[in-house]
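**Student:** Structure in structure tokens, see below.
What follows is calculated from the coordinates using simple rules that are stated; it is not laboratory data. Here the structure is a predicted model, which means the values were calculated and not measured.
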């Protein structure tokens, strides 16, 4: 039996040599292990013909596609490829090799053309009324279980992007800064204790809303799913770099004026609880995203009559941030 195996391996090596396949190419053809990215701050960038992955470093933004081509290394094509196909190991190899190569070029961040942080998730899961003070300001009873809803890929928007307001059907436009969980492993029926093990990283997001459509019926969907209503970015910070997702300051500013300023420790259902609960209802896939709710300070929570409130309008600029995760900016047209 041992002789047969040795003959088989020698024959395979001979065939590879005959075909001109070297040892390096043969090794590269071996499927890489599924790995989440670690120890990185990542960007999804617009490139000619599609998207590309960027890594924020002390030297600037590493264009992974360009660096991998120069170094003759395989690499994830973009953020979705990285997360959905578990190419964290391939990414690390490119980043490490680029760091050793003095010829590798880095981009200035001002030159980056941002894309939505993810562009083709299977699911965009949303959480409503997840902060105690937000529930109080809107007169909403504390929910017994997480009230989940969804958005769709048409809503995904990017740092520095614009939202064209659907003014023909709505006028009560509002901001909602949110911590966003981005998944890196398939997640089904997981315990709260294990829930964060499935997280690739965290990002700043905004659950932009048309409140008059949101409250038109008992369902939130039509007030949440207009084109561009889910800005996300600018960074995905890998989960190992975030000590505690439920102790982060989050803010919103409109035209430079602060509107929201609170902490994720006010969540009714923390990140572990949200993930565990949702994973019992559905299988969460790598690359899926979970918006975890907004704190108080939204226009919807003001005590004056709705007709008298200063809802967002074309020309307004919105900036929102999560501690350690970056500032997400967009404007309204």
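**Student:** Over the Cα atoms of segment 106-204, Rg to Rh with Kirkwood Rh, two decimal places? All intermediate terms of the calculation are to be shown ahead of the outcome.
**Tutor:** Working: Rg = 16.9 Å, Rh = 16.8 Å.
Result: Rg/Rh = 1.00.
**Student:** Using only the alpha-carbon atoms, how far is helix 88-100 inclined from the longest principal axis of the chain? Give it as 0 to 90 degrees, nearest 10.
**Tutor:** In the chain, helix 88-100 runs at an angle near 80 degrees to the longest axis.
**Student:** So what is log10(I(q)/I(0)) for segment 216-316 at q = 0.11, 0.13, 0.17 1/Å, when the Debye sum runs over its Cα atoms only?
**Tutor:** -0.48, -0.68, -1.16
**Student:** Additional query: Based on the alpha-carbon gyration tensor of segment 124-332, what equivalent-ellipsoid semi-axes (square roots of 5 times the eigenvalues) come out, in whole Å, largest first? Working shown, then result.
**Tutor:** Details: eigenvalues 134, 66, 54 Å².
Values for segment 124-332, descending: 26, 18, 16 Å.
**Student:** For segment 49-160, what does the alpha-carbon gyration tensor say about shape, rounded, prolate or oblate, given a ≥ b ≥ c as the root eigenvalues, a/c under 1.5 as rounded, and a/b over b/c as prolate? Show your work: numbers first, answer last.
**Tutor:** Values: a/c = 2.86, a/b = 2.45, b/c = 1.17.
Here segment 49-160 falls in the prolate category.
**Student:** 222 nm [θ] for the chain, helices only, -39500 (n - 2.57) per DSSP H run of 4+, per residue, to 500? Present the calculation step by step, with values, prior to reporting the outcome.
**Tutor:** Numbers: 8 runs with 71 residues, N = 333.
Calculated from helices alone, the mean residue ellipticity at 222 nm is -6000 deg cm²/dmol.
**Student:** Relative to the compact globular guide of 2.2 N^0.38 Å, what is the alpha carbon radius of gyration of segment 104-148, as a ratio?
**Tutor:** On the way: Rg = 18.9 Å, N = 45, 2.2 N^0.38 = 9.3 Å.
In units of the 2.2 N^0.38 Å rule of thumb, it is 2.02.
**Student:** As a test of understanding, state the convex hull volume per residue of segment 30-111 from its alpha carbons, in Å³. List each step's numbers first, then the result.
**Tutor:** Numbers: hull volume 7.9 nm³, N = 82.
Value for segment 30-111: 97 Å³ per residue.
**Student:** Over the chain, what is the relative contact order in whole percent, taking alpha-carbon pairs under 8 Å and six or more residues apart? Mind dumping the intermediate values first?
**Tutor:** Values: 753 pairs, mean separation 71.3, N = 333.
Relative contact order comes out at 21 percent.
**Student:** Determine by what factor the alpha-carbon radius of gyration of segment 147-211 differs from 2.2 N^0.38 Å, reporting the quotient. Show your work: numbers first, answer last.
**Tutor:** Values: Rg = 15.3 Å, N = 65, 2.2 N^0.38 = 10.7 Å.
Its radius of gyration relative to the 2.2 N^0.38 Å reference: 1.43.
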